[in-house]
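Structure first, commentary second.
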Amino acid sequence: MILEVAILQVKQGEENDFERDFKEAGQYISSIQGYHNHTLKKCLEVENKYILLVNWETLENHTVDFRQSDVYQQWKAKLHHYYDPFPTVEHYETIL
């Protein structure tokens, strides 16, 4: 299993709209082959900072199956305009 970790900086004042749209966008990512689950967490110290955690079966389920899909274009249109700067996305595998 691969864990995708994305640090999301949302434009100040747009947090409520982002959270609403993110709930709706969950249908897009969850429809992709190899998707297991995702969690969005809000930072306690910085009110417009979030962390997105997504569990994928393989790296390619995220980088190819999701990112090269029509569904990703819907996800992108729904969410990407909230980010400033654009998120850093990294992938992790369990060692222990």
Query - Flag if Tyr92 is part of a strand (DSSP E or B) and of a type in the set (Phe, Trp, Tyr) - result: yes
Query raised in the report: In this structure, is Val64 β-branched (Val, Ile, Thr) and either surrounded by 16 or more Cβ atoms within 10 Å (Cβ to Cβ) or within 13 Å of the chain's Cα centre (by Cα) (or both)?
Result: no
Query - Candidates Tyr35, Tyr83, Tyr50, filtered to the one that is in contact with a Phe, Trp or Tyr (Cβ under 7 Å, 6 or more places away or on another chain) and hydroxyl-bearing (Ser, Thr, Tyr) - result: Tyr35
Query raised in the report: Considering Gly13, Gly26, which residue is part of a helix (DSSP H, G or I) and not aliphatic (A, V, I, L, M)?
Result: Gly26
Requested in this report: Find the residue count for the stretch 41-50, including only residues that are without any contact (Cβ under 8 Å) to a residue 24 or more places away in the chain, surrounded by fewer than 13 Cβ atoms within 10 Å (Cβ to Cβ) and not in a strand (DSSP E or B).
Outcome: 3
Query raised in the report: Taking Leu53, is it aliphatic (A, V, I, L, M) and not in a helix (DSSP H, G or I)?
Result: yes
Query raised in the report: Which residue pairs have Cβ atoms closer than 9 Å, lie 6 or more positions apart in sequence or on different chains, and pair a first residue in the stretch 67-89 that is part of a loop (DSSP other than H, G, I, E, B) with a second residue that is surrounded by 11 or more Cβ atoms within 10 Å (Cβ to Cβ) and small (Gly, Ala, Ser)?
Result: Ser69/Ser31; Pro87/Ala6
**Report entry** Flag for Ala6 being small (Gly, Ala, Ser), farther than 16 Å from Pro87 by Cα and surrounded by 14 or more Cβ atoms within 10 Å (Cβ to Cβ)
**Finding:** no
Query raised in the report: Looking at (1) free of Cβ contacts under 8 Å to residues at least 60 places away in the same chain; (2) assigned to a strand (DSSP E or B); (3) under 12 Å from the mean Cα position of the chain (by Cα); (4) loosely packed, with under 15 Cβ neighbours inside 10 Å, can you tell me which one His38 breaks?
Result: (4)
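Each value in this text was obtained by applying a stated rule to the coordinates, not by laboratory testing. Please read all numbers here as calculations on a predicted model, not as lab measurements. Please note: Cβ atoms are built from the backbone with ideal geometry, for glycine as well, and neighbour counts cover all protein chains shown.
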